[in-house]
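Trainee: Pasting a structure below so you can have a look.
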Amino acid sequence: MLISKYVEDSTFEKISELEKKYDIVLCHDYKDFLMKYNGGETPKTKLSRGKVKTDIRRFYGFTEENQYSDLRFVLDGGLGEELISKFRLPIATNSFGDYFVIRVSEEKNGEISFIYHDNPQNEIIIAPNFKEFVSICKSEKIGHIRSIEERKKCLIEAGKGDKITQIKIDNWQKEIDKYAGMHQEEVIID
């Protein structure tokens, strides 16, 4: 799996604060991941396991870059508190807002499950531990990022030139800016 990690200097302290605040113990593999990568963006990452076939948009970490990527912000929301009360910690999300969670109880600590945001009672076990979970996540390099001109041309050729709006162009530019400078690296869990 490839990730564009979040930069943070005090990850160890934030992990300790999280464990103390919620009275949980994170498994070694997941702590190791947070210490090395602190979560991050995972464009072009897919997972297929049993009934679950989805993308993975990001892994939560401790970051000021984007509140929706910050684990503390996610936990302060309603579902985060509910999951913690069931000894589950949200660790990642897909494009639809569904969650990947890790078990943080003594029993089956580190087990990874998938939970639909609109049906949190339906939990699907994905992997027995974080290391195996990472091994089944498959990523592609970002590669060429199409320019605004290339995108316009494609829409016009498809007969959808009328769909080109300033809002669409602005969103394309945001996407280009985001991915142009992104550095992806392979996730290695010891």
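The values are calculated or read from the model by the stated rules, or taken from the named source; none is laboratory data. As the structure is a prediction and not an experimental result, all values here were calculated from the model. Note: ideal-geometry Cβ built from the backbone for every residue, glycine included; neighbour counts use all protein chains shown. The protein model used for the area step is the full one, side chains on, heavy atoms only, and it has no ligands, DNA or RNA in it. Shrake-Rupley method; radii C 1.70, N 1.55, O 1.52, S 1.80 Å.
Trainee: Do the sum for the chain: with -39,500 (n - 2.57) for every DSSP H run of n ≥ 4, divided by all residues, what is the mean residue ellipticity at 222 nm, to the nearest 500 deg cm²/dmol?
Mentor: So the helix-based figure for the chain works out to -10500 deg cm²/dmol.
Trainee: Tell me which aspartates and glutamates have Cα within less than 19 Å of residue 163's Cα, excluding those fewer than 8 residues away on the same chain?
Mentor: 149, 150, 175
Trainee: What is the projected area of the convex hull of the Cα atoms of the range 53-159, averaged over all directions, in nm²?
Mentor: Quarter of the Cα hull surface area: 9.4 nm².
Trainee: Hey, another quick one. Enter the mean projected area of the convex hull around the alpha-carbon atoms of the range 139-190, in nm², rounded to one decimal. Don't skip to the answer; put the middle values down first.
Mentor: Values: hull surface 18.6 nm².
Approximately 4.6 nm², given one-decimal rounding.
Trainee: In addition: Just need the relative contact order of the chain here, percent rounded to a whole number, with Cα pairs under 8 Å and 6+ apart.
Mentor: On the way: 312 pairs, mean separation 43.9, N = 190.
Reported as a whole number, the value is 23 percent.
Trainee: Given the pairs 108/138; 152/174; 21/178; 14/46; 5/141; 141/178, which are separated by over 22 angstrom at their Cα positions?
Mentor: Working: 108/138 24 Å; 152/174 15 Å; 21/178 33 Å; 14/46 28 Å; 5/141 14 Å; 141/178 14 Å.
Checking Cα-Cα distances, 108/138; 21/178; 14/46 exceed 22 Å.
Trainee: Right, another one. Which three lengths, in whole Å and largest first, does the chain cover when its Cα atoms are put on their principal axes?
Mentor: Per principal axis, max minus min of the Cα coordinates gives 57, 37, 30 Å.
Trainee: Okay, moving on. Just to confirm the filter: which GluC sites (Glu not before Pro) across the range 104-190 are DSSP coil and have at most 13 other Cβ within 10 angstrom of their Cβ? Mind showing how you got there, number by number?
Mentor: Values: sites: 106, 107, 111, 123, 132, 140, 149, 150, 157, 175, 185, 186; in loops: 106, 107, 111, 140.
The qualifying sites are 106, 107, 140.
Trainee: Highest GNM mean-square fluctuation, the chain, Cα pairs closer than 10 Å: which of 28, 117, 144?
Mentor: In this elastic network of the chain, the residue with the biggest mean-square fluctuation among 28, 117, 144 is 144.
Trainee: Expressed in nm to one decimal, what extension gain is obtained for the pair residue 136 and residue 151 from 0.36 nm per residue of sequence separation less their Cα-Cα distance? Working shown, then result.
Mentor: Values: separation 15, 0.36 × 15 = 5.40 nm, distance 3.20 nm.
That pair, residue 136 and residue 151, stretches by 2.2 nm at full extension.
Trainee: Follow-up question, since we're still on this one. Calculate, in whole percent, how much of the Cα-Cα pair population of the range 12-62 lies beyond 13 Å.
Mentor: Working: 837 of 1275 pairs.
Above the 13 Å cut-off, the range 12-62 has 66 percent of its Cα pairs.
Trainee: Counting other Cβ atoms within 10 Å of each Cβ, which trypsin sites (Lys or Arg not before Pro) in the range 9-57 have at most 15 and sit in a DSSP loop? The partial results should precede the final answer.
Mentor: Values: sites: 14, 20, 21, 31, 36, 44, 46, 49, 51, 53, 57; in loops: 44, 51, 57.
When the trypsin sites (Lys or Arg not before Pro) of the range 9-57 are filtered for loop state and at most 15 Cβ neighbours within 10 Å, 44, 51 remain.
Trainee: Roll a 1.4 Å probe over the protein heavy atoms and report the accessible area of residue 68 in Å², nearest 10.
Mentor: Roughly 130 Å² of residue 68 is accessible to a 1.4 Å probe.
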